[in-house]
Amino acid sequence: MNPPAPIRDGLLDGVSVARAVRASLRDHVSREMPDDSPGLAVVLLTADLAARKYAESKARACRDLGMTCTLHDLTPWVSNMRALGKRLESIASDPRVHGLLIEHPLPPHVDPIALYAHVPTAKDVEGISYANMGRLMLGRPYMVASTAAAVIRILEHYGVQIAGRRVVVVGRSNIVGKPVAALLLARDATVVTCHSKTPDLATETLRADILVVSVGRARFIGATHVREGAVVVDVGINFEGGRMVGDVDFEAVRGKVLAITPVPGGVGPVTAAMLLSNLVQTALAQKRGSETL
């Protein structure tokens, strides 16, 4: 394992972490799968332009690492869940597809849990199927939600101690809050999960050695929420006047803490890299015939 990277200017730079992950993946793919590159299928269920741009960025990232990516626009089927499920199963059955991702946001009427029941566990690169979430909660993860995995990778890349530390996670979503809490517990942290019904949030966050924030509210966490010397991981992506900002008031908090992830340039790039890491993992498992969980 490489030695921890130094923290410079109090920043946990996600761009550097993502670059290291991608370099490792590129070598791994060329060595282990020279004749059968990993294939990702990205499903679009909405005409949302941002969703399409995110999907196209994933396709470019795949090509850069010698992988393949196909986009599938299934918006004509979103009004019929049965037909949509069959289409997902058909895409997943293609042996050239090693991982299937459903781009967000989803249409309001679509139940994500019911949707992912049509994605084979072995090809669930997002790590949010019943089986993958269950394995994570039991301490035997296979695929892990890429954003949650990104939080851990950033902390480990910079040598931030997790074992024995008090970590407060603000947010309890299925794709960030719950899985990141499970990953932290598995690394021997004492974990407190806070949410919209938590009374006096600052009382909890001020006790955190490490604070992970994922609530979807711009600059929700300010200087009064963090203690001196804490480490802050801001998972939030919000837009104010066309400018991307996090869930943490970066300028107010930065001078008080030991280290913080910026937005943009923090968790986001690492999330994209960890998704591709999941794809490589599923592709290798299927190549070796060990994809049945």
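So the values come out like this:
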{"read-out": "Strands (runs of 3 or more DSSP E) contained entirely in the range 215-293, each with at least 2 residues that are without any contact (Cβ under 8 Å) to a residue 60 or more places away in the chain and not hydrophobic (A, V, I, L, M, F, W, C)", "value": "238-240"}
{"read-out": "Single residue of the range 39-51 satisfying the filter (assigned to a helix (DSSP H, G or I) and free of Cβ contacts under 8 Å to residues at least 40 places away in the same chain) that is nearest to the chain's Cα centre (by Cα)", "value": "Ala50"}
{"read-out": "Some residue of the range 168-176 being under 12 Å from the mean Cα position of the chain (by Cα), outside the structural domain of Lys58 (by TED's automatic domain parsing) and aliphatic (A, V, I, L, M)", "value": "yes"}
{"read-out": "Among the candidates Asp9, Asp64, Asp13, Asp36, residue that is buried (at least 17 other Cβ atoms within 10 Å of the Cβ) and among the acidic types (Asp, Glu)", "value": "Asp13"}
{"read-out": "Evaluation of Asp94 against (1) at pLDDT below 90; (2) surrounded by 13 or more Cβ atoms within 10 Å (Cβ to Cβ); (3) part of a loop (DSSP other than H, G, I, E, B) (one fails), failing number", "value": "(1)"}
{"read-out": "Odd one out for Val231 among (1) under 23 Å from Glu156 (Cα atoms); (2) surrounded by fewer than 23 Cβ atoms within 10 Å (Cβ to Cβ)", "value": "(2)"}
{"read-out": "Residue under evaluation Gly266, criteria (1) within 21 Å of the chain's Cα centre (by Cα); (2) surrounded by fewer than 22 Cβ atoms within 10 Å (Cβ to Cβ), criterion not met", "value": "(2)"}
{"read-out": "Condition met for Gly242 (surrounded by fewer than 24 Cβ atoms within 10 Å (Cβ to Cβ), on the phi > 0 side of the Ramachandran plot and under 17 Å from the mean Cα position of the chain (by Cα))", "value": "no"}
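The rows are residues; the columns are (1) at pLDDT below 95; (2) in contact with a strand residue (DSSP E or B) (Cβ under 7 Å, 6 or more places away or on another chain); (3) not hydrophobic (A, V, I, L, M, F, W, C).
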{"site": "Ala182", "(1), (2), (3)": "no, no, no"}
{"site": "Val191", "(1), (2), (3)": "no, yes, no"}
{"site": "Leu201", "(1), (2), (3)": "no, yes, no"}
{"site": "Ile210", "(1), (2), (3)": "no, yes, no"}
{"site": "Gly229", "(1), (2), (3)": "no, no, yes"}
{"site": "Ile237", "(1), (2), (3)": "yes, yes, no"}
{"site": "Gly241", "(1), (2), (3)": "yes, no, yes"}
{"site": "Gly268", "(1), (2), (3)": "yes, no, yes"}
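The values are calculated or read from the model by the stated rules, or taken from the named source; none is laboratory data. Fair warning: this is a prediction, and the values are worked out from it, not measured in the lab. Methodologically, a virtual Cβ is constructed for each residue, glycine included, from the backbone with ideal geometry; neighbour enumeration extends over all protein chains shown.
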